[in-house]
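First comes the structure, then the notes that go with it.
The values are calculated or read from the model by the stated rules, or taken from the named source; none is laboratory data. All values derive from a computational prediction rather than experimental measurement. Please note: Cβ atoms are built from the backbone with ideal geometry, for glycine as well, and neighbour counts cover all protein chains shown. Heavy atoms of the whole protein, side chains included, go into the accessibility calculation; ligands, DNA and RNA do not. Shrake-Rupley method; radii C 1.70, N 1.55, O 1.52, S 1.80 Å.
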Amino acid sequence: MSEHEQVSSSSAATLAETESAQRPLIFQSNGLARGAVLLLLGALWLLSHGYSGLRHDARLYALQSLANLEPTAFADDLFLAFGSQDQFTLYTKLVAPLIPNIGLGAVTFGVSTIGALLWIVALCVLVQRFLAESSQRRLGIFFVLGFPGFYGAMQIFAVGRALATPRVLAEALVLVALTVWVGRYSPVGRNQPNRVGLWAGVVTSLLLAATLHPLMVIAGVLLIALDWVWADRRFLLAGIVCGGGVTILIGAALLGVSPFGRLLEVFDPAWLLVIEDRSEQLFLSGWEARDWSRLLVLATLTFGAIRILDGWRARWLGCVLVVALGGVIANGVGADVLNNVLLTQLQLFRLAWPLHVFGPLSAGVLLTFALLDWRKRQAPAALLGLALALACVGLSMGQTILAFVFACTGVAGLLVPRLSDALQRTWVHRLAWTMGIVMVGIDGFARVQDALSGSLTAEFRASAELVYAFDTPRVVFAVLLLPLLFARLRWVGRWGAVVLGLGLVTFGILFFDQRTPVAVAAERRTGLEQIADWIPPGQQVLWQREILYPWFVVRRPSYFADPQGAGVVFNRDTALEYKRRLGLIGHWGEDYSDLFDGPPRIADWVTRARAVCLDQGNLFGLALESRLQPREPAEVGGDGSISDDPSQSALAYREFSVPGGGEFYLYSCSDVLAQP
């Protein structure tokens, strides 16, 4: 190589390095910047997906796994007595044999961790196939990990949630199927004349996912089918297949084949009332403004990416939008209007879960376009990038309505040149920055106030209080987002980002365990060994406040607790029995606050407790947080003497301590019924 060529090569490398350094950190291509971004992404995941153990649906699947091992031990539990969702999944049958060998805690932690890691790996491979530019990939993954991921109402369901449930495993397998499918559009896939391997990979992944969680597979099947019909113009064949499928479905419904026979059924008023009271998130009427805003933000971002991308990527995002919005509409018609049993049980709003993967990816596409295309748009692009960034921050922090406003502004500005020029004015810049600062400030002030009042930390142990008190995952997302997008860091700044990433990863590892003391005791089955000796096997117990104690520590069926109502939509008998028992003790409430509003008195309590004990012959007793005291003195004499009513003597009880502090008092039904 000549000296001139060496100088030219060196100059070109220097120019490329200079141009890379002028980009935001997340778009820089050198190894140090990539390492910093990788560390920050890891920290974001650790802080957003801490290990919470037996929480939410993980409790239900753990109980069903134990019931597979000991069917008679939990036969009388309200959640299992009339059947459960266990018949639709192989997960509990696969997990149950592991519990006696390695313990419930190890199984819970293993499934949670492995499921989350598989989900992340499947996501990264899918993003690698779907997005062409590395800058879009990095930013898209950042948003997928940073967004809360909730879909539907009441923040119950979320994509990629690290819980010991089959849902996260099924989602990962569906992402694998989508990855295999979009691989047909890669240069290698286009040159493959034989598509047998492609279809085999897709079908195998979807079938495996269906054995774990059938509801999560429906969205993947519809996405692939719609893209196949749209891309290959298979409209006639699609019509024939749909017609045949509908015919088979109607035939199965007429023959009463389960669960398709429910397509011809509607909820009777009594059953419907229980579902609306206990599981209103299944109906669109139960959605709040923030739930609709979250959906609309992601739909707006996806629509904007469709206008920027071209070819099969734009078509694919269009399929994602059609499936998501179509599922929400179908849920409104089937559940809210028709009250159809099968359509309600399918929970068709869950078809929107892929939108909560591709929506954040679309945000990455839009921001890359706005920030790296500065030569064409210059100032407006920077402002529109800020608007989109604030939309992402607002969505992460729960400010969904403001996020929707920012998203609409950013997308419209990118796609409408006249609006883009109008947004170049100085006062618009100032307004955008002011709204962003106010949004983050109000959210931060509210969280600090809640933390100081103790309302967010009451149920968490000390090591996890800091994480949840100030809602660290959302704060980290908001604090890291703008620097990553707008900071043009050179050598020193990149090392600073690496140090920050290492610090946050260390913080995330230290506070990764976010279990409550009750959850720890439930996984280890420690602290209440003597209670298992007091309560005979198979007998129920009504335990105040906490379902983990009877299910996983004592290993006894529960008479009533709110989580046992999770299956009211799937079984009419469960729903009516749940309602009946709730009516029997409903004036106590979930935490029996009415009963324990002040020192409980035997006379008030016996009437209520007697009815519960007479209701179920298999009920051993009640575990209460407060000791029952005798009633106030029956008579006060004229000389001030006090005469007690002998019938109001205190009941016999057994006192015991629970992990994490606190006392409980166990009263047997035999003593309750013997009380005059």
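In terms of overall dimensions, the range 291-374 has a Cα radius of gyration and Dmax of 14.9, 53 angstrom. Phi angles of the range 154-169 translate, via the Karplus equation with coefficients 6.51, -1.76, 1.60 and θ = phi - 60°, into HN-Hα couplings of 6, 6, 9, 9, 8, 6, x, 6, 7, 10, 7, 9, x, 5, 5, 5 Hz per residue; Gly and Pro are given as x.
If you wrap a convex hull around the C-alpha atoms of the range 202-281 and split its volume per residue, what is the figure in Å³?
On the way: hull volume 10.9 nm³, N = 80.
Convex hull of Cα atoms, per residue: 137 Å³.
Can you work out the FRET efficiency for the pair A330 and A652, with r the C-beta to C-beta distance and R0 = 60 Å, to the nearest 0.05?
On the way: r = 57 Å, r/R0 = 0.95.
It comes out at approximately 0.60.
Report D for the range 41-148 in µm² per second (integer): Stokes-Einstein, Kirkwood Rh on Cα pairs, 4 °C, 1.567 mPa s.
Rounded, D is 80 µm²/s.
Using a probe of 1.4 Å on the protein chains alone, the accessible area found for H213 is around 20 Å². With the simple spin-label model, which puts each label point 7 Å out from Cα in the Cβ direction, the L90 to R545 separation comes to 4.2 nm.
Ordered from largest to smallest accessible area (heavy atoms of protein chains, 1.4 Å probe), the residues F349, F507 come out as F507, F349. Its Cα centre serving as origin, the range 256-350 has a Cβ charge dipole (Lys and Arg +1, Asp and Glu -1) of approximately 560 debye. Ranked by the mean number of other Cβ atoms within 10 Å per residue, highest first, peptides 540-553, 285-298, 216-229 order as 540-553, 216-229, 285-298.
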